[in-house]
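Okay, structure first, notes after.
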Amino acid sequence: MNANWLDKIRKGLTPVENHLIDGYVDGRVSRRELLRYGSLLGLSLPVLGRVSLAAGFGVAPSMARANVQPDATIRVACPAPQATIDPVLAGDYGPILMFQQVGEFLCVDGPDLVLRPSLATSWKPNQDGTVWTFTLRKGVKFHSGAEMKADDVVATIDRLADPKNSSNALSVFKGILQKGGTKKVDDYTVEFHLDGPNGNFPYLVSSDNYNAIILSANYSGDFEKTWNGTGPFRIEKFTRNVGASFVRNEDYWALRALPARTEFTFYRDIQPQILALQAGQVDVINKLPALAGVALLNDPAFEIIRIRSTASQPMHMQCNVGPFKDARIRQAVALSIDREKLVNGLMKGQAVVGNDSPFAPIYPSTDPSVAQRKQDIQQAKELMKAAGVEKGFEATLTASQFLEIPAYAQLIQNWVKEIGVDLKLNIMDRGAFYGDVVLGQSPWLDSEMGIGDFGHRGVPNVLLKSLLTSTGAWNAAKFHNEDYDRLVQNYVASLDLESQRENAGKIQRLLLKETPVLFGYFYDHLTATKKGVVGVQATAMGQLFLAGAGIV
């Protein structure tokens, strides 16, 4: 270790940043965690690389562009957008993929969960994490020709945080950042004044929050007319229910995109997408379900981009009424599930087992010392007897006709039968299942048992708060626990990894005891490409970065 070099790097760093470096040097923090949490605190990858080198552990990875011929056309198969292409309101994969082609974020969350600069060049918290200051990149132009400045960032985030706009991003910002909390310091500096300390805040304005692409200050909800972003591609043509095409932005602030053009064809189902890839009509399937796409997984004619993800299909049990009011019955249901069979059978190995909390194994803050729950039918039966339902009972599981969920529901139905639960299945159209996503108008939120589906997040904050806190907007389990609410507040406020992990362990153990929601697995994000198509950068959020893509 080069102590003198390391001491020079430490000068000017905050106590929290130096605490992270101390943890790395003495082995409490891994290299992956150094990169991830250092980037979160605003340390640049070159600085983190120098820390790694000074400590004797090698350098940080670099992002290299593919060695391909330029000017190709990249053809993508993807889900048809189910709603208007509006970055403020959109919440499904189709619109998200579309507006991300022309728009950009302050920073980008990579597959390694490391934040990288984009429209912001750096960010720093104050001492307690209640104010985060972002420095913006100079010389970035919208496709309209206007320069992106602080006014645009303030207007964008205020728009998302304003309850009057009914933004999909309210699930991220509620209780964290209010309208008016984003303040301009100068043309290239913005401060976020939060409702309370938040150690993971940069993720909430990164690509991890897919609604947070930076729009012009005068945006008026007409995105499908203007498509005015700052990204490497410009809109060429958009036809609803058919497809879209984009062309290279020759005035882009960064490296010129390699493809001259990209084409997106919209599909209602996955099977036509697979047939189109096999027939050579498209080059990429953006989101490939493991069960439906099993024929491609081992086909040498195609490459599978596999990204470890925190995406999940949690099953809730209502804690306030009926048989599931008793935590012993909820535990019994969880103990009836064979998680290994879920991963290896249902998900074809493209997943990892869950432990009934939002803390996926890939999160650095997840406490690995918490014992993994496994199938135990005998213990489940004993819990049912202790709860006075040894002879069983009837219940209904409501779920959507989406991805592997119907097959998952059938497996649960079979497993709980072994402990005496006669489970009826109510499989619905996905739109009808979610309804208006408010109590009384959503079969998901109103069902005694239900399976939701949640995309990947670089930090677990949204699920911890929205799905399980007493006031959570998505609390289908009707779970109300003051200790849990307090622990989540402590976790969110933690600025250092060790404090986050300590609070995470307490949350994980509490949720194993209470079991309001069953997280059986976290599934990988799979993107399929034709062999010879390289440089495609997929994200577990369903985004697709194609500026470095090409054909060899």
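The values are calculated or read from the model by the stated rules, or taken from the named source; none is laboratory data. Remember, it's a predicted structure, so these values are computed and weren't measured experimentally. Cβ coordinates were reconstructed from backbone atoms using ideal geometry, including for glycine residues, and neighbour counts include every protein chain displayed. Note: areas computed on protein heavy atoms with side chains; ligands, DNA, RNA excluded. Shrake-Rupley method; radii C 1.70, N 1.55, O 1.52, S 1.80 Å.
Of the strands (runs of 3 or more DSSP E) lying entirely inside the stretch 115-189, those containing at least 2 residues that are over 23 Å from the mean Cα position of the chain (by Cα) are 131-136, 182-186.
Inside the stretch 85-126, residues that are under 20 Å from VAL172 (Cβ atoms) and among the polar types (S, T, N, Q) make up a count of 2.
Pick from the stretch 331-381 the residues that are of a type in the set (Val, Ile, Thr) and either within 18 Å of the chain's Cα centre (by Cα) or open to solvent by 30 Å² or more (accessible area, probe 1.4 Å) (or both): which of them is nearest to HIS525 (Cα to Cα)? If we take residues in the stretch 331-381 being of a type in the set (Val, Ile, Thr) and either within 18 Å of the chain's Cα centre (by Cα) or open to solvent by 30 Å² or more (accessible area, probe 1.4 Å) (or both), then VAL352 is nearest to HIS525 (Cα to Cα). Which number in (1) in contact with a strand residue (DSSP E or B) (Cβ under 9 Å, 6 or more places away or on another chain); (2) aliphatic (A, V, I, L, M); (3) part of a loop (DSSP other than H, G, I, E, B) marks the one condition that ALA77 misses? Failing condition for ALA77: (3).
Close contacts from the stretch 419-440, counting a first residue that is more than 25 Å from VAL333 (Cα to Cα) and a second that is of a type in the set (D, E, K, R) and open to solvent by 60 Å² or more (accessible area, probe 1.4 Å), with Cβ to Cβ under 8 Å and a gap of 6+ residues or different chains, come to GLY440/ASP446. Can you work out which of the residues in the stretch 66-97 that are more than 19 Å from the chain's Cα centre (by Cα) and small (Gly, Ala, Ser) is surrounded by the fewest Cβ atoms within 10 Å (Cβ to Cβ)? Once the filter is applied, the top-ranked residue is ALA83.
Can you name the residue in the stretch 219-250 that is of a type outside the set (Lys, Arg) and without any contact (Cβ under 8 Å) to a residue 24 or more places away in the chain and, of all such residues, is nearest to CYS78 (Cα to Cα)? So that I can check it myself, show each step before the final result.
Kept after step one, since they are of a type outside the set (Lys, Arg), are these residues of the stretch 219-250: 219-224, 226-233, 235-236, 238-239, 241-247, 249-250.
Now narrow it down to the ones that are without any contact (Cβ under 8 Å) to a residue 24 or more places away in the chain: 220, 222, 239, 243, 245, 247, 250.
Working: SER220: 27, ASP222: 23, THR239: 14, GLY243: 9, SER245: 13, VAL247: 18, GLU250: 26 Å.
Across the stretch 219-250, the extreme among qualifying residues is GLY243.
Checking the stretch 255-262 against the condition returns a match, with at least one residue being surrounded by 13 or more Cβ atoms within 10 Å (Cβ to Cβ), closer than 15 Å to THR529 by Cα and either modelled with pLDDT under 95 or not small (Gly, Ala, Ser) (or both). For residues in the stretch 286-330 being of a type in the set (Lys, Arg) and either under 22 Å from GLY94 (Cα atoms) or assigned to a loop (DSSP other than H, G, I, E, B) (or both), which is nearest to the chain's Cα centre (by Cα)? Among those residues, the one meeting the criterion is ARG308.
From the list GLN281, GLN271, which one is touching a residue at least 12 places away in the same chain (Cβ under 8 Å) and touching a strand residue (DSSP E or B) at 6+ places or on another chain (Cβ under 8 Å)?
When all the criteria are applied, what remains is GLN281.
Pairs linking a residue in the stretch 485-506 that is closer than 14 Å to GLY129 by Cα to a residue that is open to solvent by less than 40 Å² (accessible area, probe 1.4 Å) and hydrophobic (A, V, I, L, M, F, W, C), with Cβ atoms under 6 Å and 6 or more positions apart or on different chains, do not occur. When you check GLY221 against the structure, is it in contact with a helix residue (DSSP H, G or I) (Cβ under 7 Å, 6 or more places away or on another chain) and either open to solvent by less than 10 Å² (accessible area, probe 1.4 Å) or not aromatic (Phe, Trp, Tyr) (or both), yes or no? So GLY221 fails the test. Restricting to the stretch 132-148, name every residue that is open to solvent by less than 30 Å² (accessible area, probe 1.4 Å) and of a type in the set (Val, Ile, Thr). Selection gives VAL140 alone. Screening the stretch 516-539 for residues that are open to solvent by less than 10 Å² (accessible area, probe 1.4 Å) and outside any strand (DSSP E or B) and picking the one that is farthest from VAL321 (Cα to Cα) gives GLY520. Scanning the stretch 133-163 for residues that are among the small types (Gly, Ala, Ser) and in contact with a strand residue (DSSP E or B) (Cβ under 6 Å, 6 or more places away or on another chain) yields one hit, ALA150.
Of the residues making up the stretch 157-191, those that are buried (at least 22 other Cβ atoms within 10 Å of the Cβ), among the β-branched types (Val, Ile, Thr) and either over 25 Å from GLY455 (Cβ atoms) or modelled with pLDDT of 95 or more (or both) are ILE157, THR182, VAL190.
Test VAL462 against the stated conditions and say whether it is touching a residue at least 24 places away in the same chain (Cβ under 8 Å) and more than 30 Å from VAL205 (Cβ to Cβ).
Numbers: touching a residue at least 24 places away in the same chain (Cβ under 8 Å): yes; more than 30 Å from VAL205 (Cβ to Cβ): no.
It is false that VAL462 is touching a residue at least 24 places away in the same chain (Cβ under 8 Å) and more than 30 Å from VAL205 (Cβ to Cβ).
Residues in the stretch 198-218 that are within 18 Å of LEU170 (Cα to Cα), assigned to a loop (DSSP other than H, G, I, E, B) and not aliphatic (A, V, I, L, M): ASN198, ASN200, SER207, ASP208, ASN209, TYR210, ASN211.
GLU236: in a strand (DSSP E or B) and under 17 Å from GLY542 (Cα atoms), yes or no? Show your work before the answer.
On the way: in a strand (DSSP E or B): yes; under 17 Å from GLY542 (Cα atoms): no.
No: the conditions fail for GLU236.
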